[in-house]
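Reading through the C-alpha cells given below for one structure.
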Amino acid sequence: MAYSNILVGAGTRPAQPVIRRIGFADLQEALAKGIDDFYAMPTHAMFLCVIYPIAGLFLARMAFGYSVLPLLYPLASGFALVGPVAALGLYELSRRREAGLPTSAVRAFDVLQSSSIGAITALALLLLTIFVIWVALANAIYIATFGYATPTSIETFAGDVLTTRAGWTLILVGNLVGLLFAVLVLTISVVSFPLLLDRDVGAAVALLTSIRAVARNPFTMMLWGLIVAALLVVGSLPLFLGLTIIVPILGHATWHLYRRVVEPQAAPPPTQQEGHRERRYAADFPAVLFPWAR
C-alpha cells in the first residue's frame, strides 16, 4: 500500500490535473514573480543556494587535482540535471509566500514533512540516476574519442579539444547527447516537483502531468529550457558565484510557471494552520537549524 501511495498518491483514484496552454507572456510573468520572490526573500534564497558555487569550485578543484579533467564539463553541466531537487526549498518558500504563510529560511525544510515526501524522494532518485548515466556516457564518449590517456596538462587538454578533429567530434557528440538528457529532465520535472508540493498525487501522476504539460506546450517549454540554460551559463561565468542569484530566481520562477501551466484544484484543500512555535534561544544552537528534530 505504501508503494501504491508513492506512485498514485493518497486518494483512491489517481488525479489528473488539467493542463493549460501557455505562451511567452506566461514565461515573462513567471520570471517576474520569481524575481519578486527573490527580492522578498533574498537571504533565504541565497542561504539555500550557496551550495551551487561551492559545489562548482569543488568540482573544479577535484578535476585539476585528481586527473579527471575530461569530466569537469560533464559534471558542471550535468549538475543542472539534479537542479530541480536542489530547488525544492525554493518551491516551498514561494508556495508559502503565495499562501500568506511565514517564509523564514527554516521553513524551506518543511518539504521533509510533506505528505508527498515518498514520491518526491522517488523522483529525486530518478534524476540522480539520470545524472550518473550522463556522466558515465560522457566519459565513454571521451574514451572513444581520445582513448584512455590522461591529459598531461590543462593547456594540452584545451588544445586537443579545441583545435583537433577529435576534439570537435567530442564537442559535437557530447553536447548533442547532453541536450537529449536536458530535454528528458525538463520533460519529467518541469512541473512534477511543484505539483507534489501542492498536491498528494503520487510520483507517477506528477511525472505524467509534467510530460503532458510539455506535450501541450512544446515550443513554450523549449523556450523555457533555453532561458534556463542561458541564465545558468551566465551565472556560472564568475566562478559560479552568479548562481547564488540565478538559481533562486529560476527556482521561484519555476513554481510560478507551474501555477500558470496546471489548473488549480476546483476545491483546494484547507490551508494547514500554523501551530504555535515555542521560543528558541541562541543557546539552542545548532539545534535551531533543525526544527523538525525533537
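Write down the Å³ per residue value for the convex hull defined by the alpha carbon atoms of the range 80-123.
Values: hull volume 3.2 nm³, N = 44.
Taking only Cα atoms, the range 80-123 has a hull volume of 72 Å³ per residue.
Based on the mean of other Cβ atoms within 10 Å per residue, sort peptides 70-82, 167-179 so the most packed one is first. Don't skip to the answer; put the middle values down first.
Working: 70-82: 20.2, 167-179: 15.1.
Going from most to least packed, we get 70-82, 167-179.
Using alpha carbons only, how many angstrom separate the centre of the range 107-129 from the centre of the range 135-213?
If we compute the Cα centre of each part, the gap is 22 Å.
Per-residue counts of other Cβ atoms within 10 Å, averaged by peptide: what ranking do you get for 203-209, 21-27, 193-199, highest first? Could the numbers behind the result be given before it?
On the way: 203-209: 22.9, 21-27: 14.4, 193-199: 25.6.
My ranking of the peptides, most packed first, is 193-199, 203-209, 21-27.
Which ³J(HN,Hα) values in Hz, rounded to whole numbers, follow from the phi angles of the range 134-145 under the Karplus curve 6.51 cos²θ - 1.76 cosθ + 1.60, where θ = phi - 60° and Gly and Pro get x?
4, 5, 5, 5, 4, 5, 5, 5, 5, 5, 5, 8
Kindly state, as a whole number, the per residue volume in cubic angstrom of the convex hull around the alpha carbon atoms of the range 106-206. Don't skip to the end; give the middle numbers.
Working: hull volume 13.4 nm³, N = 101.
In the range 106-206, the Cα convex hull volume per residue is 133 Å³.
To the nearest whole percent, what portion of all C-alpha pairs in the range 27-262 is separated by more than 31 angstrom? Before the final figure, lay out each step's value.
Values: 6863 of 27730 pairs.
I get 25 percent for the Cα pairs in the range 27-262 exceeding 31 Å.
Could you give me the ³J(HN,Hα) list for the range 196-203, computed from phi with Karplus coefficients 6.51, -1.76, 1.60 and θ = phi - 60°, whole Hz, x at Gly and Pro?
3J(HN,Hα) across the range 196-203, in whole Hz: 5, 6, 8, 9, 8, 10, x, 5.
Residue by residue through the range 80-92, which ³J(HN,Hα) values in whole Hz follow from phi under the Karplus form 6.51 cos²θ - 1.76 cosθ + 1.60 (θ = phi - 60°), with glycine and proline marked x?
Karplus values, whole Hz, x for Gly and Pro: 5, 5, 9, x, x, 6, 5, 8, 4, x, 5, 4, 5.
So for each of 145-155, 83-93 I average, over its residues, the number of other beta carbons within 10 Å; can you give me the resulting order with the highest mean first? Can you show the working numbers first?
Values: 145-155: 11.7, 83-93: 23.3.
By packing density, highest mean first, the sequence is 83-93, 145-155.
Each reported figure results from applying straightforward, stated rules to the coordinates on display, with no laboratory input. As the structure is a computational prediction, the values presented were derived from the model and not from experiment. Positions of Cβ are backbone-derived with ideal geometry, glycine not excepted, and every protein chain shown enters the neighbour counts.
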